[in-house]
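Take a look at the structure set out below.
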Amino acid sequence: MTKNIAIFASGSGSNAENIIRYFQFDNSVQIPLIIANKQNAYVLERAKQLGVDSFVFPKADWDTGEKILEKLREYQIDFIILAGFLLKVPAALLQVYSDKIINIHPALLPKFGGKGMYGDKVHQAVVDAGEKETGITIHYVNENYDEGEIIAQIRCEVLPSDSPAQVADKVHALEYEHFPKVIEKVLNGKA
Ligand code: GRF
């Protein structure tokens, strides 16, 4: 049975593009929709290049989520992936899509997570804390930032000489390699 996925993103969308390319020849997974919360998010440019419909819902729409829910229904979405999405998922979406929304966080939760911990801020905090390792956490989404049940964590080493940018490069490499594969396992009920 074909699974229809929507990707929510707020920024560049490199993970969104990677996931779309990974599944592009898999007929059992369709990704017909990208939703952003800012008009200038580069993910919208990527959507255009990839031929994926995209819509922007400004912050006010995310309070109730009704308009987003309408769009998800229009595209018959079964599953939602947050790939660099910075807003809280409204309760209305969590109810309809309970255990059908997953997120990726660029650190080993519960460390370096929570409100405001995103992008380079996370890698700066990891370096400042003198961590010997970091990595990615893929988890189900609940009503709080970065607190849902963890599906997978993949680690990488942090060298004392690593800058936050070098840590970011290592973490992005893990994201691109593992996120689509973990999504595939979840969709096949194997995660
Ligand atoms: C990634 O580091 C991801 O872990 C985090 O936000 C970043 C999104 O990057 N949630 P991109 O927009 O996919 O390039």
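The values are calculated or read from the model by the stated rules, or taken from the named source; none is laboratory data. Just so it is clear, the structure is predicted and the values come from calculations on it, not from any experiment. Cβ: placed from backbone, ideal geometry, glycine included. Neighbour counts: every protein chain shown.
Out of E157, E147, E143, I need the residue that is among the charged types (D, E, K, R), within 29 Å of N188 (Cα to Cα) and exposed (fewer than 15 other Cβ atoms within 10 Å of the Cβ). Which one?
Testing whether each residue is among the charged types (D, E, K, R), within 29 Å of N188 (Cα to Cα) and exposed (fewer than 15 other Cβ atoms within 10 Å of the Cβ) leaves just E143.
Out of (1) surrounded by 15 or more Cβ atoms within 10 Å (Cβ to Cβ); (2) of a type in the set (S, T, N, Q); (3) over 19 Å from the mean Cα position of the chain (by Cα); (4) within 20 Å of L187 (Cβ to Cβ), what's the single condition that is false for Q124?
Going through (1) surrounded by 15 or more Cβ atoms within 10 Å (Cβ to Cβ); (2) of a type in the set (S, T, N, Q); (3) over 19 Å from the mean Cα position of the chain (by Cα); (4) within 20 Å of L187 (Cβ to Cβ) one by one, Q124 breaks only (4).
Filter the range 56-73 for residues that are surrounded by 14 or more Cβ atoms within 10 Å (Cβ to Cβ) and either modelled with pLDDT under 95 or not in a helix (DSSP H, G or I) (or both) and give the result.
V56, F57, G65
Restricting to the range 1-55, what's the tally of residues that are hydroxyl-bearing (S, T, Y), part of a loop (DSSP other than H, G, I, E, B) and within 11 Å of the ligand (Cβ to nearest atom)?
Residues in the range 1-55 being hydroxyl-bearing (S, T, Y), part of a loop (DSSP other than H, G, I, E, B) and within 11 Å of the ligand (Cβ to nearest atom): 3 in total.
Scan the range 56-89 residue by residue and report those that are away from the ligand (no atom under 16 Å from the Cβ), of a type in the set (K, R) and in contact with a Phe, Trp or Tyr (Cβ under 7 Å, 6 or more places away or on another chain).
Within the range 56-89, K67, K71 meet the criteria.
Are there any pairs, at least 6 apart or on different chains, whose C-beta atoms fall under 8 Å, with the first in the range 109-129 and on the phi > 0 side of the Ramachandran plot and aliphatic (A, V, I, L, M) and the second in a loop (DSSP other than H, G, I, E, B) and buried (at least 17 other Cβ atoms within 10 Å of the Cβ), and if so, which?
As it stands, the answer is none, since no pair meets every condition given.
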